[in-house]
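A short worksheet on the structure shown next.
The values are calculated or read from the model by the stated rules, or taken from the named source; none is laboratory data. It should be emphasised that the depicted structure is a prediction, and the values quoted were computed from it without experimental measurement. Positions of Cβ are generated from backbone atoms using ideal geometry, with glycine treated the same way; all protein chains shown enter the neighbour counts.
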Amino acid sequence: MPHDAPMLFEPRDVAPAQPSETDSARSHTYVEVAIEQAVDRALDYVVPQALVQEIAQGQRVKVPLGRGNKLVFGFVTKVKSDTSFDPKKVKPIEQIVDSRELVTGPLMEMALWLSRYYFSPLGIVLDAMVPSGVKKRTGLSRVRYVRPILGHEKLTELLAQIKAPRRRAVVARLLELEPGESIELTKLAQESNASPTVIKKLEEVGVLEIELRKELLLHVGNENANLKTSTDTGASTATVLTTALTPTLTPEQAAAMDRLLPLVEGGFSVTLVRGVTGSGKTELYLRAISRVLERGKGAIVMVPEIALTPQTMKRFTQRFGDEVAVMHSGLSAASRHRMWGQIASGARRIVVGARSAIFAPVRDLGIIVVDEEHESSYKQDSAPRYHGRDVAIKRAQVQGIPIILGSATPSLEMWHRTASDTRGIYHLIELNQRVANRPMPEVELIDLKAANKVRGGMHLFSPRLEQCLKHTVDRGEQAILLLNRRGYSNFIFCGSCNEPVHCRYCDTTMTYHRELSVPVEARTTAAMADAGSRAGQMQCHYCMTTQPLPATCPKCGKKLSLFGLGTQRVEEEMTRKFPGVVFARVDSDVMKGAMDYETLLSRFASGELQVLMGTQMLAKGLDFPNVTLVGIINGDTALALPDFRAAERTFQLLTQVSGRAGRADKPGRVVLQTFLPDDPTIRSSMTHDYLAFAKGELEHRKQVGLPPFSRQARIVVRDTIPEKLTMRIETLAADLRSQIESTALPVRMTRPAPCAIGRIAGYWRQQVVLTSEKLGAIQEVLTRARRMSKLISNDRVAVDVDPVSLL
Ligand code: ADP
Ligand code: ZN
């Protein structure tokens, strides 16, 4: 059934006529079903006669599996008239669980592609594509429907007999229905100006039948209501641009738009917009989308989860009103379900959301935008291990539409691909100026070693940062302080054993977390000083285990010292050095839900909070005009990670967070503290010089043959028993090696070796990494192994294609 627009949620209420005996006696209908578990191929089932008319691709079904015929859920990926298996052995499907076609058209094509590309069982891919609220049909409302029992003739006779005007009106309205059609009770009551009681009376005398149906409310309500503020216009007709809110483009933006529009109106193309922080990239997205909307099409906008702030959402809802469906983590399963339904029905045409928004069933999709395309959070770290940005590019290709990727610090993969494209698919648009000729913030480098030599004791704030922060708050301006590490101290050290305290289950050190009895709302400096107790616990940031902080070293009983910094320690020093300054700490320990973060940001926006201090949550997307100072407590935290992307991540983070300063009339300043003042990455982030950074880093990667000059896949095998693990991964490596040898494909494979973090949550971990200039060669090797069942991805074996982290 090739539909143009995915036909999800089409009502299938009317029971179709059964096929005649003679038809059904001979032919059978079969389906391929992808089981929602790690069964790595679709299985054939036969469709019982009673369900033949109803069965369709994309439906969720229940089928018997294995010897015990255990009933499991799956998705119909294909409906067909024969099977290559022995028809006598093909089992029948048990039930159609959901008659809606949840995944069809281009999305089914995407699912098949994802399963192949990322080596993930199709059922797991489909499961990830459909939100659980949709699968479980959460939040369906009961809607009453009226269906006449009497036929047309009988109703006409009846109408002639009835005297009561309201009853007459009801019957007259029923006569207008098509045979088999029903009408919503409230609608019938309204249109015939009769009360529901009148209709119920008619049910009692056998004229009609009232039935309850569970249904998703598809009309657009006020889901975005909580995002609205008094400045909102509440515009509901979205194709009309609210001109009052549309700024005049800067000359640079206008030139960019001139280049972008023809691409937006064409077929598949990928446009990388590299624009410095504050250059007004969002305005380009908004205009591109509005052009697409004018042509009656829809859009998907992806932003990193932590950038899904009310501020970001408002920029879209302000412009496009109720056309926008925001899929954020704070939505209840029921709202998510409703939003999904509204998207699928075409009631909302723009989806703004994190990674999984790329699977939204937008009708007649016309454009995709991926903001902050370099973000590693677009990569999912559980199966299916897909990269949201790459899936977005694939979807644009499948649907023949343009995609825009935006960033101030593009991933080196996209940067290189755009530069070396010879097919005319990739385009680069650059914005080098901030809006209104605002200057980029000036970055001052502070050598922490030198600063700490001058005065004794432990200081996280250099004298210069202290001075800048003081001046900033004195002037009534605001500051953002970054330390990308939560907790108090990440190194609990025994000087006598010369060893830090390790996690019992992981190959990592424990982090000490102080416990504070002061709730977030009341976290003023004074209250914090009172609560400065040393009570707390140790936490492992990999398996999340917690243990009380031992009074002395568990091994030798000597005193333990706390080294290494975390946000709690900055908080402590801040309290001590800046009594009276109202600030809040922002990290995932404090921000338990989306609401906490929203409340906090609105307090910052109102000026009640003078300083925000926290982890990378603060680096993304925040646009506060009064922020003139960004302080980076330690710019080196990520540089030492055993990952070849450490420098790239560091540059991105420093540039992003620096970009929060001076976004309006007042110029911004950045104080960047570091122990490595000569490091080239640190130095290039001082001048916000992406081009210089990219050039240097790409040269280095080219020399050593790392991505983007090669492609990678890694396979991590884990087990609780080290010997078993070694055996497994050796076998797997041998199988893969024999595939490489027999195909003679140019693929290199590392020897099995422990991962950088050799044990997590009690599982020992080893990996092999496959590298080749062409991903296709790696795919071929893995596909062969997969077909021979030598490579099965499950909870012990993780295949990660295009990995973004090698820890
Ligand atoms: P980026 O995403 O490139 O960092 P934004 O899109 O957030 O930049 O824009 C930075 C700020 O400038 C925002 O407050 C935005 O509303 C504003 N802005 C963007 N374009 C214009 C314009 N043409 N005129 C005035 N203000 C603009
Ligand atoms: Zn642990």
Scope segment 260-283; condition within 12 Å of ligand 1 (Cβ to nearest atom), of a type in the set (A, V, I, L, M) and surrounded by fewer than 24 Cβ atoms within 10 Å (Cβ to Cβ); matching residues: 276
Could you grab me the full set of residues in segment 597-635 that are more than 16 Å from ligand 1 (Cβ to nearest atom), more than 24 Å from the chain's Cα centre (by Cα) and either among the aliphatic types (A, V, I, L, M) or not in a loop (DSSP other than H, G, I, E, B) (or both)? 603, 609, 611, 612, 613, 629, 631, 632, 633
Among the residues of segment 422-443, are any within 30 Å of residue 464 (Cβ to Cβ), part of a strand (DSSP E or B) and either of a type in the set (A, V, I, L, M, F, W, C) or within 16 Å of ligand 2 (Cβ to nearest atom) (or both)? yes
Leading residue by the ranking (farthest from residue 132 (Cα to Cα)) among those in segment 64-88 that are among the basic types (Lys, Arg) and outside any loop (DSSP other than H, G, I, E, B): 80
If I filter segment 245-258 down to residues being more than 23 Å from residue 440 (Cβ to Cβ) and in a helix (DSSP H, G or I), which single residue comes out as farthest from ligand 1 (Cβ to nearest atom)? 258
What tally of residues in segment 444-456 results from selecting those that are touching a Ser or Thr at 6+ places or on another chain (Cβ under 6 Å) and either outside any helix (DSSP H, G or I) or without any contact (Cβ under 8 Å) to a residue 40 or more places away in the chain (or both)? 1
Regarding segment 568-578, can at least one residue be identified that is part of a loop (DSSP other than H, G, I, E, B), over 30 Å from the mean Cα position of the chain (by Cα) and within 17 Å of residue 489 (Cα to Cα)? no
Segment 172-198 residues that are in contact (Cβ under 8 Å) with a residue 24 or more places away in the chain, paired with ones that are in a loop (DSSP other than H, G, I, E, B) and not charged (D, E, K, R) (beta carbon under 7 Å, 6 or more apart): 180/14; 183/177
Can you list the strands (runs of 3 or more DSSP E) found entirely within segment 293-392 that contain at least 1 residues being at pLDDT below 90? 324-327
Any residue in segment 434-446 that is crowded, with 19+ Cβ neighbours inside 10 Å, over 30 Å from residue 285 (Cα atoms) and in contact with a Phe, Trp or Tyr (Cβ under 9 Å, 6 or more places away or on another chain)? no
Determine if segment 671-687 includes at least one residue that is out of contact with any Lys or Arg (no Cβ under 9 Å at 6 or more places or on another chain), over 29 Å from residue 463 (Cβ atoms) and without any contact (Cβ under 8 Å) to a residue 60 or more places away in the chain. no
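Listed here are the residues, each with its yes/no results for (1) closer than 27 Å to residue 623 by Cα; (2) among the small types (Gly, Ala, Ser); (3) away from ligand 2 (no atom under 16 Å from the Cβ); (4) modelled with pLDDT under 95.
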{"residue": "677", "(1), (2), (3), (4)": "no, no, yes, yes"}
{"residue": "684", "(1), (2), (3), (4)": "yes, yes, yes, yes"}
{"residue": "687", "(1), (2), (3), (4)": "yes, no, yes, yes"}
{"residue": "736", "(1), (2), (3), (4)": "no, no, yes, no"}
{"residue": "748", "(1), (2), (3), (4)": "no, no, yes, no"}
Going by the structure shown, is residue 806 away from ligand 1 (no atom under 16 Å from the Cβ), in contact with a Phe, Trp or Tyr (Cβ under 8 Å, 6 or more places away or on another chain) and either among the hydroxyl-bearing types (Ser, Thr, Tyr) or part of a helix (DSSP H, G or I) (or both)? no
Complete set of residues in segment 434-466 that are farther than 30 Å from residue 278 by Cα and of a type in the set (S, T, N, Q): 452
Of the numbered conditions (1) on the phi < 0 side of the Ramachandran plot; (2) in a loop (DSSP other than H, G, I, E, B), residue 58 fails exactly one; give the number of that condition. (1)
